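Comments concern the structure below.
The values are calculated or read from the model by the stated rules, or taken from the named source; none is laboratory data. These numbers come from a predicted model, not from an experiment. Positions of Cβ are backbone-derived with ideal geometry, glycine not excepted, and every protein chain shown enters the neighbour counts.
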Amino acid sequence: MNASWLPYGRQWIDDSDIEAVTAVLRGDWLTTGPAVAEFEAAIQAAVGAPAVSVTSGTAALHAAYAGLGLGPGDEVITTPMTFIATASAAAMTGARIKFADISPDTANIDPAAVEPLLSSRTAVIAGVDYAGHPMDVDALRVLTERVGAVLLEDAAHSIGGSYQGRPVGSLADITTFSFFPSKNLTSAEGGAVVATQPDLLAEIRRFARIGRNLNRDELRHSDEGEWWYEMSSFGLNYRLPDVLCALGISQLKRLSTFVERRRELVAAYNELLSGLPDLTLPTQRDGVSPAWHLYAVRVRNGRRREAFEKLRAAGIGVQVNYIPVYWHPVFADSGYRRGMCPVAEKFYAEQLSLPLYPAMSEADQLRVVEALTTVLV
Ligand SMILES: *Cc1c(COP(=O)(O)O)cnc(C)c1O
């Protein structure tokens with residue numbers, strides 16, 4: 001058989017995206033131009049809070065934690081069922097990372113597991129909207145308020161989703177996004193941070209703009225000439241160039257189409273795969289409207305590896321999301337032990353992401369369903 005490779009996720013680029021990017025390439029500004037503010041305004045319009053664009057989801061997390069001024073002595077409580085950046089970007093500030101176990105239905109951080117980890121040093125509770133299903137915002141908010149911590153939502157999977165009728169981005173104090181090609185929309189590489197409090201966003205923006213004080217009213221020596229600017233803290237250059245902002249602006253116009261198509265595909269998978277042995281399908285809680293990024297099933301009874309290998313051999317690019325973060329040597333070598341979050345470890349042992357992306361055809365999806373059925377029945 002010579003069927004094409006089906007990835008677990010991929011971008012959907014059309015002619016309008018290509019035109020948007022080439023228009024910027026022909027113009028005056030490749031970076032630091034007008035497309036940057038335009039992209040940030042478009043993100044704000046879509047998610048309900050002001051935005052700073054950055055070069056990746058990892059940069060978004062790093063800018064968020066650094067902008068908060070985290071450092072040694074602070075603690076960040078987060079989930080092990082995520083891409084490592086949710087935790088590693090915080091660890092790089094010198095803060096201590098505590099991993100809370102997940103809820104078995106959504107694989108999102110479990111507020112009941114967070115509670116015993118709270119302390120007077122808790123600076124941030126950082127959850128992830130795993131697979132695009134929003135985290136348990138209301139229960140986590142009760143906990144951040146108890147200790148005066150910041151609520152951060154890593155929404156790399158979930159732009160376009162909502163919780164109790166409110167869009168992802170307007171829920172937590174700080175929300176981060178990734179625009180990597182496999183995510184719900186892409187700018188090639190890229191990301192954004194949004195914050196509901198303007199002063200918090202200003203600090204994050206300053207870090208992501210090399211520490212430059214962007215408020216002329218605050219300059220220490222404002223009587224110098226027009227050339228004068230001041231660096232008031234240390235930061236990094238996380239600027240997203242106009243070329244990529246143009247792609248992001250163009251993609252954002254189709255976000256609702258992408259999210260709708262993902263929902264259709266998820267509904268079809270749920271129907272086509274129901275009743276298969278040794279298979280648990282994703283669940284959706286009441287009151288949430290996920291923007292499904294992953295179609296994450298669980299293959300029970302020790303059969304995940306067999307399913308992974310046979311599907312890959314059939315040209316189906318299944319993936320495992322994720323290896324528990326603290327199993328990686330960088331955490332294991334500093335004392336994090338296996339067994340710490342048993343629900344997450346069991347979830348990992350069974351998890352399999354099936355191909356899900358808006359340009360996927362019905363025929364592609366049926367190929368995945370037939371291949372998985374052949375393995376399990
Ligand atoms: C993709 C992803 C990131 C990192 O985003 P990049 O743009 O790849 O740096 C962070 N957290 C989660 C949950 C992700 O899926």
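Quick notes
- Residue within the range 364-372 that is in contact with a helix residue (DSSP H, G or I) (Cβ under 9 Å, 6 or more places away or on another chain), aliphatic (A, V, I, L, M), within 30 Å of residue 78 (Cβ to Cβ) and not assigned by TED's automatic domain parsing to the domain that holds residue 157 present: no
- The set of residues in the range 220-272 that are more than 30 Å from residue 70 (Cβ to Cβ) and in contact with a Lys or Arg (Cβ under 8 Å, 6 or more places away or on another chain) contains only 222.
- Of all residues in the range 314-326, at least one satisfies being outside the structural domain of residue 81 (by TED's automatic domain parsing), closer than 19 Å to residue 83 by Cα and assigned to a helix (DSSP H, G or I).
- Among the residues listed as 196, 175, the single one being under 18 Å from the mean Cα position of the chain (by Cα), in the same structural domain as residue 76 (by TED's automatic domain parsing) and under 21 Å from residue 285 (Cα atoms): 175
- Single match in 149, 155, 90 (criterion: crowded, with 22+ Cβ neighbours inside 10 Å, of a type in the set (A, V, I, L, M), more than 18 Å from the chain's Cα centre (by Cα) and closer than 24 Å to residue 63 by Cβ): 149
- Single residue of the range 282-304 satisfying the filter (outside any loop (DSSP other than H, G, I, E, B) and over 18 Å from the mean Cα position of the chain (by Cα)) that is nearest to residue 267 (Cα to Cα): 297
- In the range 57-77, the residues that are modelled with pLDDT of 95 or more form Cβ pairs under 8 Å with partners that are surrounded by 24 or more Cβ atoms within 10 Å (Cβ to Cβ) and acidic (Asp, Glu), at six or more places apart or across chains, as follows: 57/154; 61/154.
- Any hit, the range 340-360, residues being loosely packed, with under 14 Cβ neighbours inside 10 Å, aliphatic (A, V, I, L, M) and in contact (Cβ under 8 Å) with a residue 12 or more places away in the chain: yes
- Screening 107, 100 for residues that are within 16 Å of the ligand (Cβ to nearest atom), closer than 25 Å to residue 344 by Cα and either touching a Leu at 6+ places or on another chain (Cβ under 7 Å) or outside the structural domain of residue 163 (by TED's automatic domain parsing) (or both) leaves exactly one candidate, 100.
- You will find that of 73, 67, the residue that is out of contact with any helix residue (DSSP H, G or I) (no Cβ under 7 Å at 6 or more places or on another chain) and either away from the ligand (no atom under 16 Å from the Cβ) or closer than 23 Å to residue 145 by Cα (or both) is 73 and no other.
- Residues in the range 42-64 that are polar (S, T, N, Q) and within 15 Å of the ligand (Cβ to nearest atom) were compared, and the one that is surrounded by the most Cβ atoms within 10 Å (Cβ to Cβ) is 53.
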